[in-house]
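Shown next, in structure tokens, is the structure this report addresses.
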Amino acid sequence: MADGPLVVGGVTLASRLIVGTGKYATYSEMARCLAESGTDCVTVAVRRERLVNAAGENILDHLDPARYTLLPNTAGCYTADDAVRVARLGRELLRDLGSTAADWVKLEVLGDPKTLLPDPVGTLAATERLVADGFTVLVYTSDDPVVARRLKELGAASVMPAGSPIGSGQGILNANNLRICMEYLKDGDPDYPVIVDAGVGTASDVAMAMELGVDGVLLNTAIAQARDPLRMAAAMRAACFAGRQAFLAGRIPRRLYATASSPDEGRVGSRT
């Protein structure tokens with residue numbers, strides 16, 4: 001099966017791994033990990049208090065807009081109104097930087113601070129408003145196929161179902177729901193980008209997601225909070241590539257009993 005690049009909202013991404021910029025010990029460590037991951041799209045929380053760290057460094061000074069497509073996100077928003085306001089702040093920020101993807105937003109409307117699960121009603125409302133306002137909306141949602149299909153119908157450029165709760169490291173909890181999401185979202189539109197967002201704990205989680213046939217994986221904590229973030233970034237890069245290649249290659253079917261890898265015909269002592 002032939003493969004091409006990931007295209008989201010008219011923007012072509014060479015890497016199928018999208019990486020967040022939060023939770024790193026330092027901005028310099030973040031920059032090294034982003035480079036090691038091979039990503040060319042990074043998410044940035046645009047709430048103003050998070051752009052500058054305790055040392056007075058601005059995160060944007062460590063992100064080359066010529067190297068990365070910057071994807072503002074509405075992390076920490078619990079209402080559609082708040083998410084729309086933050087998205088508009090992000091658009092102005094990217095326009096000031098001369099970004100070619102200034103209208104991009106990773107939409108998050110959360111239900112509560114304990115689970116960080118998406119609020120489906122608020123997410124649907126914010127998606128509709130942002131699409132009408134000219135945004136290219138990449139929307140974080142649950143793995144509910146019906147909600148996912150509705151978000152696409154509202155005009156989301158990419159639907160991004162969670163593998164498991166944000167930052168939990170639990171990996172892919174419901175592969176069947178993700179399969180159904182892809183069936184619904186890609187019906188008649190095989191190139192529609194479905195990206196797993198949240199819950200990744202280690203490289204095998206990325207490989208599993210890609211082997212299911214999703215178009216990409218968005219992660220943050222699994223690299224930033226690893227014992228060796230730089231090494232984990234490299235592992236995630238390799239896992240994303242390996243999982244994609246395995247999906248394209250096509251796995252063998254699972255069988256209950258063994259199947260000999262060598263033919264019985266022609267062996268020493270056989271009568272044939």
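Read the figures in this text as sums done on the coordinates, not as results from a lab. On a predicted model such as this, the values are computed, not experimentally measured, just so you know. Cβ atoms come from the backbone with ideal geometry, glycine included; neighbour counts cover every protein chain shown.
The residue 191 and residue 89 beta-carbon pair, evaluated with R₀ = 41 Å, returns a calculated FRET efficiency of approximately 0.85.
Label sites at residue 96 and residue 228, each approximated as a point 7 angstrom past Cα along Cα to Cβ, lie 4.0 nm apart. In loop segments of region 176-262 as defined by DSSP, the trypsin sites (Lys or Arg not before Pro) with at most 10 further C-beta atoms inside 10 Å of their C-beta are 227, 251, 254, 255.
Counting only whole DSSP H helices of the chain, the ones at least 27 Å long by C-alpha along their axis and with mean Kyte-Doolittle hydropathy no lower than -0.5 are 229-249.
Of all lysines in the structure, those lying under 26 Å Cα to Cα from residue 23, and not within fewer than 8 positions of it along the same chain, are 106, 114.
Taking the beta-carbon count within 10 Å as an exposure proxy, list 158, 15 from fewest neighbours to most.
Working: 158 26, 15 17.
In increasing order of surrounding Cβ atoms, one gets 15, 158.
For region 16-123, GluC sites (Glu not before Pro) meeting the loop criterion (DSSP other than H, G, I, E, B) and having at most 16 other Cβ atoms within 10 Å: 57. Calculated mean residue ellipticity, 222 nm, the chain: -11000 deg cm²/dmol, from DSSP H runs (n ≥ 4) at -39500 (n - 2.57) each, averaged per residue and rounded to 500.
For residue 2 and residue 58, calculate 0.36 nm times their separation in residues minus their Cα-Cα distance, and state this gained length in nm to one decimal.
Details: separation 56, 0.36 × 56 = 20.16 nm, distance 4.12 nm.
So the chain would gain 16.0 nm between residue 2 and residue 58.
Modelled spin-label separation between residue 117 and residue 67, with each label point placed 7 Å from Cα along the Cα-to-Cβ direction: 3.9 nm. Along region 216-224 the Karplus relation, 6.51 cos²θ - 1.76 cosθ + 1.60 evaluated at θ = phi - 60°, assigns HN-Hα couplings of x, 9, 10, 8, 8, 4, 4, 8, 4 Hz to successive residues, with x for each Gly and Pro.
When Lys and Arg each count +1 and Asp and Glu each count -1, what net charge do the other residues less than 15 Å away from residue 173, Cβ to Cβ, add up to?
Numbers: positive: 179; negative: 143, 144, 197, 205.
Once all neighbours under 15 Å are counted, the net charge is -3.
Each label point was placed 7 Å from the Cα along the Cα-to-Cβ direction; for residue 254 and residue 35 their separation is 4.2 nm. Pairs of Cα atoms nearer than 8 Å and 6+ residues apart set the relative contact order; for region 169-240 it is 33 percent. In a DSSP loop and with at most 15 other Cβ atoms within 10 Å, the GluC sites (Glu not before Pro) in region 164-272 are 265.
The 3J(HN,Hα) values that the Karplus relation (6.51, -1.76, 1.60; θ = phi - 60°) gives for region 9-15 are, in residue order, x, x, 9, 8, 10, 6, 9 Hz. Gly and Pro appear as x. Cβ-to-Cβ counts within 10 Å put 26, 21 in ascending order as 26, 21, the fewest first.
Taking the alpha carbon gyration tensor of the chain, multiplying each eigenvalue by 5 and rooting it gives semi-axes of 36, 22, 17 Å, largest first.
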